[in-house]
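Asks: Could you have a look at this structure, given as structure tokens, before my questions?
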Amino acid sequence: MKRLFKILKLVLASILTLYSIVIIYMLFLSPKEQRYDFASQLQGYSFSQSVFEILKYQDPENDRIYFEQSVPYNKRGYYEKGFQLLDKAVEIDPKMHLGYRGYMKLRFLRDFEGALKDFNKLDSLTPNVIDSPWGEDIDFLRGEAYFGLENYEKSIIHFKRSIENQGEGWADIQAFVYTGLAEHELGNLEEAKKYFENALNQSKYTVEAHLGLAKLYKENGELEKSESHLDKAQKYFSYKRNDSYNEYLNEIYKSDITSLRNS
């Protein structure tokens, strides 16, 4: 029995030693690119963050390390730490990361002025290029920022430019919706109607456009048309613009349909 325990101890000790060697190798000795890929795949775990810390010490001017390390902090709402890392990535390679930082400021922090500064700076660094921060047209994002600042005139300029950049058939449907909403805010009801209808020409499932038209027709006293668009907004509600991480500026809820119907 004693011999069996000794064998078990040796086996456990060997496993622990091997495990320690693997950890040391992964943390310090394996190729940097391999460690970066490994840490990226385990994004958010404490071991991943440890690997990134060592990589930063060994390669302090590698912007990708700071960017990748920032992502889980920002996803979880730890923006102070996340933006410290993201700001460093921007400092090292502004062309690569300004767009993402502006996107984060716009969608997550509601820092509309800060977002515009980042988008405009990026635009100045990339002449003759239509930038797409985080996969979205830069003028669409600028239009959204101006909409958040309630500067509807400038938001319309950028949403229309975004539609022109992408072409009507390829532009984000929400560019039409936002333009309609901004025109409505300015009292330009016919222009608002035109853009809501343009959105519906792209897709009849655009719930935000149906609700926009329902409000517009109600104000004009055309209650049957208002009711018709409310019915469609309710019918197609599952198609509404939605993101599990944040609330959009033109986000709608079932209560919006209910309260308008009740009124």
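Asks: Test of understanding: express the Cα radius of gyration of the range 81-190 as a ratio to 2.2 N^0.38 Å, with N the residue count.
Replies: Relative to the 2.2 N^0.38 Å estimate, the range 81-190 comes out at 1.08.
Asks: Then there's this: Is the C-alpha gyration tensor of the range 126-189 telling us rounded, prolate or oblate? Criteria: a/c under 1.5 is rounded; beyond that, a/b larger than b/c is prolate, otherwise oblate.
Replies: Because a/c hits 1.5 or more and a/b exceeds b/c, the range 126-189 counts as prolate.
Asks: With a 10 Å radius around each residue's Cβ, average the other Cβ atoms per peptide and rank 154-163, 111-120, highest first.
Replies: Details: 154-163: 22.2, 111-120: 19.1.
Ranked by mean Cβ neighbours within 10 Å, highest first: 154-163, 111-120.
Asks: List the chymotrypsin sites (Phe, Trp or Tyr not before Pro) within the range 166-201 that fall in a DSSP loop (any state other than H, G, I, E or B) and whose Cβ has at most 13 other Cβ atoms within 10 Å.
Replies: For chymotrypsin sites (Phe, Trp or Tyr not before Pro) across the range 166-201 that sit outside H, G, I, E and B with at most 13 neighbouring Cβ atoms in 10 Å, the list reads 170.
Asks: Shifting gears a bit: For the range 194-263, state which GluC sites (Glu not before Pro) are in a DSSP loop and have at most 15 other beta carbons lying within 10 Å of their beta carbon. Don't jump to the answer; show the numbers that get you there.
Replies: Numbers: sites: 197, 208, 219, 222, 224, 227, 247, 251; in loops: 222, 247, 251.
When the GluC sites (Glu not before Pro) of the range 194-263 are filtered for loop state and at most 15 Cβ neighbours within 10 Å, 222, 247, 251 remain.
Asks: Taking square-rooted eigenvalues a ≥ b ≥ c of the alpha carbon gyration tensor, is the range 112-263 rounded, prolate or oblate, where a/c under 1.5 means rounded and, failing that, a/b exceeding b/c means prolate?
Replies: Working: a/c = 2.02, a/b = 1.90, b/c = 1.07.
It is prolate, given that a/c is not under 1.5 and a/b is the larger ratio.
Asks: Here is a follow-up. Give the peptides 86-98, 47-59 in descending order of average Cβ contacts within 10 Å, highest first.
Replies: Top of the packing list down: 86-98, 47-59.
Where a number appears in this text, it was derived from the coordinates with a stated rule and is not lab data. Every value quoted in this text rests on a predicted model; they were computed, and no experiment measured them. Every residue, glycine among them, receives a Cβ derived from its backbone with ideal geometry; neighbour counts consider all protein chains shown.
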